[in-house]
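Colleague: I am attaching a structure below and will ask some questions about it afterwards.
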Amino acid sequence: MSNNPRSRSKISVPWIKPFIVLFVSAIVVYLFGRGVDHLFILIKYNPFTHLFPEELDLLSNTLGGLAEVVTSVLSIEITALAIIVQLAANKYSSKIFELFFENRVNVIILFIYVITAVVTVIAMNTLNSNETAKFAYTITQTLFLVIMSLVIVIPHFNYVFHFLRPDNFLLYVEDEIRNELERVANGGRNNKEFVEQKKIVVNDKINFIGDVAINSITAGDRATTLMCITSLRNVLSCYIGLKSKLPERWNDLSGDVLLDPDFASFAPNVLDNIAKKRIFLETKVFRLYEMLFEYGRKSMRDVMSGILLSMEHIAKNAMTNKDDDTLHMSFQYMNTFLRIGIREKDPRTVFTALEHYRLMAEETLNYKPQLAEDLSYYFKYYGHEAVKNNVLFILETAAYDMCLLNERAYEKKTENIDKLLDIFLTLDQPIEDTEGAGESKEEISLIGVRIAQIRLAAFYLLNGESGLAKRIFNDLKVEPIQRIRKIKEIILGTQNEEFWEITPRGINFYFIPDDRKDALKSFFKWFDI
């Protein structure tokens with residue numbers, strides 16, 4: 001047994017406080033009833049006497065069994081609730097018990113049952129007079145409590161079943177986290193213990209959402225897992241909005257938080273950077289996303305898509321709130337997701353991740369256009385990594401996304417159009433150096449990249465930017481003329497915009513609209529073909 005007084009205090013408090021509250025409350029309720037009876041005796045009029053016979057003996061049989069009825073109902077209620085909550089805890093998380101007893105409605109209803117039982121036992125064993133008038137209000141109060149306890153059974157079961165639905169208890173936890181963050185933002189700047197306590201509470205509640213998500217993936221519960229991912233996104237979005245109001249010590253990583261698995265594996269310098277950049281909560285949520293991404297990547301594709309969509313929303317929220325550290329971290333984790341897909345030779349994962357990454361890159365054009373240059377480099381880097389690891393069709397996908405990013409940059413008239421184009425035109429270089437000919441995977445990837453670059457040239461020509469289109473031509477003119485002819489045949493021969501298989505994007509990368517095809521006729525004339 002521990003000799004630590006603090007440990008004994010932590011064990012004792014959870015049951016001592018409810019015991020005192022219940023005992024005192026029951027005595028107060030009973031004494032209140034007796035006090036009202038004595039008051040009516042003093043004024044020599046008690047309106048409650050009209051509800052009962054004058055002789056108490058006629059009520060003795062009924063009243064004598066009330067205590068047994070209430071205690072029986074209480075035992076049934078507790079047994080049923082224990083079974084229901086235990087089943088939910090086994091399915092989702094053991095912390096469901098804590099959540100259940102944190103809910104005020106559940107606590108109040110259980111208190112009502114216990115207080116009713118105690119008051120009934122006391123009242124029925126203190127009726128020692130043959131005159132009903134002396135106990136009329138006490139009897140009425142007791143009967144009211146008993147009836148209310150009976151009536152509330154079914155509504156409470158209904159409430160518990162409703163409460164234990166994942167969408168409801170996740171929303172409850174989400175609101176609790178938001179409230180804790182607002183309390184710290186509004187009143188915790190000068191109280192270190194208060195901030196540390198709230199940080200531990202928020203961390204534990206986020207762990208609860210993570211536990212539910214992991215158990216749901218294991219059980220194949222796709223809907224609940226997606227709700228957990230959305231809840232984490234909502235929590236982090238709220239946090240980003242409140243971040244500037246939180247005290248500096250909020251991001252200090254010390255005490256119980258350091259024991260959390262999501263932080264325990266980090267080196268000291270990484271923990272220092274987390275505190276310095278004020279990304280404590282972002283690190284927590286993104287680490288959970290990474291774990292869920294690994295779990296759900298193959299078994300439930302929707303989970304992967306839900307995480308990527310949430311990352312996109314978080315990045316946009318960070319840009320709205322000018323939170324560069326959170327934005328940078330979202331880029332790091334998107335790169336990590338790309339690496340996971342390439343490492344596991346899972347092209348569909350990378351294919352989906354690149355689309356969300358491109359949408360994030362397009363948003364940076366409105367925020368800080370130079371960030372789009374960094375993301376273009378990442379597209380190029382992971383495209384080449386995919387080729388090295390024999391993950392097919394990823395470089396072509398990266399090329400298509402970089403083409404769209406360059407188009408958006410031109411439409412928004414950003415200052416770094418030329419730099420983005422320069423990066424795009426270097427996408428094919430490592431492939432050109434590979435040996436071999438014919439229909440190799442390198443050849444197919446190179447053709448896909450060149451088609452994306454020619455697609456961009458057609459866009460520039462449609463907008464009267466022959467100079468930019470000429471730069472693409474100068475990069476392409478080193479290609480063998482046979483390859484250019486083949487690319488022309490593919491472009492002009494592709495008539496279906498929609499891909500012939502079901503894909504998340506549903507787009508045929510080789511399709512080019514008719515107006516661009518008309519512009520390409522002049523582009524291909526530069527090659528004399």
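The values are calculated or read from the model by the stated rules, or taken from the named source; none is laboratory data. Just so it is clear, the structure is predicted and the values come from calculations on it, not from any experiment. Cβ sites come from the backbone with ideal geometry, for glycine too, and all protein chains shown count toward neighbours.
Colleague: Across segment 136-171, which residue is surrounded by the fewest Cβ atoms within 10 Å (Cβ to Cβ) among those that are of a type in the set (Phe, Trp, Tyr) and more than 34 Å from the chain's Cα centre (by Cα)? Can you show your working first?
Modeller: Residues of segment 136-171 of a type in the set (Phe, Trp, Tyr): 137, 144, 157, 159, 161, 163, 169.
Now restrict to residues that are more than 34 Å from the chain's Cα centre (by Cα): 137, 144.
Numbers: 137: 23, 144: 11.
Residue satisfying both the conditions and the ranking: 144.
Colleague: Out of 231, 237, I need the residue that is surrounded by fewer than 20 Cβ atoms within 10 Å (Cβ to Cβ), among the small types (Gly, Ala, Ser) and either assigned to a helix (DSSP H, G or I) or under 21 Å from the mean Cα position of the chain (by Cα) (or both). Which one? If you could, list the steps in order and put the result at the bottom.
Modeller: Details: 231 fails: surrounded by fewer than 20 Cβ atoms within 10 Å (Cβ to Cβ).
From the options 231, 237, the qualifying one is 237.
Colleague: Additional query: In segment 256-310, what residues are hydrophobic (A, V, I, L, M, F, W, C) and under 24 Å from residue 193 (Cβ atoms)?
Modeller: Kept after step one, since they are hydrophobic (A, V, I, L, M, F, W, C), are these residues of segment 256-310: 257-259, 263-264, 266-267, 270-271, 274-275, 279-281, 285-286, 288, 291-293, 300, 303-304, 307-309.
Passing the criteria: 257, 258, 259, 263, 264, 271, 274, 275, 279, 280, 281.
Colleague: Still on this structure, I have one more. Going by the structure shown, is residue 315 within 25 Å of residue 390 (Cβ to Cβ), buried (at least 16 other Cβ atoms within 10 Å of the Cβ) and among the aliphatic types (A, V, I, L, M)?
Modeller: No, not satisfied.
Colleague: Ok, one more. Taking residue 322 and the conditions (1) within 30 Å of residue 347 (Cβ to Cβ); (2) at pLDDT 90 or above; (3) assigned to a loop (DSSP other than H, G, I, E, B), which numbered condition does it fall short on, given that it satisfies the others?
Modeller: (1)
Colleague: Take residue 207 and tell me if it is assigned by TED's automatic domain parsing to the domain that holds residue 307, assigned to a helix (DSSP H, G or I), polar (S, T, N, Q) and under 30 Å from residue 92 (Cα atoms). Show your work before the answer.
Modeller: Working: assigned by TED's automatic domain parsing to the domain that holds residue 307: yes; assigned to a helix (DSSP H, G or I): yes; polar (S, T, N, Q): yes; under 30 Å from residue 92 (Cα atoms): yes.
Yes, satisfied.
Colleague: Related question: Suppose the filter is more than 29 Å from residue 224 (Cβ to Cβ) and assigned by TED's automatic domain parsing to the domain that holds residue 254; does residue 195 pass it?
Modeller: Details: more than 29 Å from residue 224 (Cβ to Cβ): yes; assigned by TED's automatic domain parsing to the domain that holds residue 254: yes.
So residue 195 fits the description; yes.
Colleague: Let me ask something additional. Just to be sure I understand the filter: pairs with C-beta atoms under 7 Å, separated by 6 or more residues or on different chains, first member in segment 376-392 and among the acidic types (Asp, Glu), second member buried (at least 19 other Cβ atoms within 10 Å of the Cβ). Which pairs pass?
Modeller: From residues that are among the acidic types (Asp, Glu), the pairs are 385/342.
Colleague: Any idea which of 399, 361, 372 is more than 29 Å from the chain's Cα centre (by Cα), aliphatic (A, V, I, L, M) and under 25 Å from residue 311 (Cα atoms)?
Modeller: Details: 361 fails: more than 29 Å from the chain's Cα centre (by Cα); 372 fails: more than 29 Å from the chain's Cα centre (by Cα).
Sole residue among the options that is more than 29 Å from the chain's Cα centre (by Cα), aliphatic (A, V, I, L, M) and under 25 Å from residue 311 (Cα atoms): 399.
Colleague: Taking segment 64-85 on its own, how many of its residues are crowded, with 17+ Cβ neighbours inside 10 Å and either more than 28 Å from residue 164 (Cα to Cα) or not assigned by TED's automatic domain parsing to the domain that holds residue 148 (or both)?
Modeller: The number of residues fulfilling the criteria is 2.
Colleague: Hey, another quick one. Restricting the search to segment 253-300, which residues are surrounded by fewer than 18 Cβ atoms within 10 Å (Cβ to Cβ) and among the charged types (D, E, K, R)?
Modeller: Result: 256, 260, 272, 276, 277, 278, 290, 294, 298.
Colleague: Out of all the residues in segment 424-434, is one or more modelled with pLDDT of 90 or more, part of a helix (DSSP H, G or I) and out of contact with any Gly (no Cβ under 8 Å at 6 or more places or on another chain)?
Modeller: Taking segment 424-434 as the starting set, the residues that turn out to be modelled with pLDDT of 90 or more are 424-427.
Checking which are part of a helix (DSSP H, G or I) leaves us with 424-425.
Those still in the list that are out of contact with any Gly (no Cβ under 8 Å at 6 or more places or on another chain) too: 424-425.
Yes, segment 424-434 contains a residue that is modelled with pLDDT of 90 or more, part of a helix (DSSP H, G or I) and out of contact with any Gly (no Cβ under 8 Å at 6 or more places or on another chain).
Colleague: Identify the residue in segment 183-200 that is free of Cβ contacts under 8 Å to residues at least 24 places away in the same chain and within 29 Å of residue 292 (Cα to Cα) and, among all such residues, is surrounded by the fewest Cβ atoms within 10 Å (Cβ to Cβ).
Modeller: 197
Colleague: With (1) closer than 23 Å to residue 173 by Cβ; (2) at pLDDT 95 or above; (3) among the aliphatic types (A, V, I, L, M) as the list, and residue 315 as the residue in question, which single condition is left unmet?
Modeller: Result: residue 315 fails condition (1) only.
Colleague: What residue, among those in segment 449-505 that are closer than 14 Å to residue 517 by Cα and not in a helix (DSSP H, G or I), is modelled with the lowest pLDDT?
Modeller: Applying the filter and picking the extreme gives 497.
Colleague: Is it the case that residue 109 is buried (at least 18 other Cβ atoms within 10 Å of the Cβ), modelled with pLDDT of 85 or more and assigned to a helix (DSSP H, G or I)?
Modeller: Values: buried (at least 18 other Cβ atoms within 10 Å of the Cβ): yes; modelled with pLDDT of 85 or more: yes; assigned to a helix (DSSP H, G or I): yes.
In short, yes.
Colleague: The conditions are (1) under 30 Å from residue 87 (Cα atoms); (2) without any contact (Cβ under 8 Å) to a residue 60 or more places away in the chain; (3) not acidic (Asp, Glu), and residue 121 fails exactly one of them. Which is it?
Modeller: (1)
Colleague: Name the residues in segment 375-396 that are more than 27 Å from the chain's Cα centre (by Cα), buried (at least 18 other Cβ atoms within 10 Å of the Cβ) and either among the aliphatic types (A, V, I, L, M) or closer than 18 Å to residue 316 by Cα (or both), would you?
Modeller: Scanning segment 375-396 gives 376, 386, 387, 391, 394, 395.
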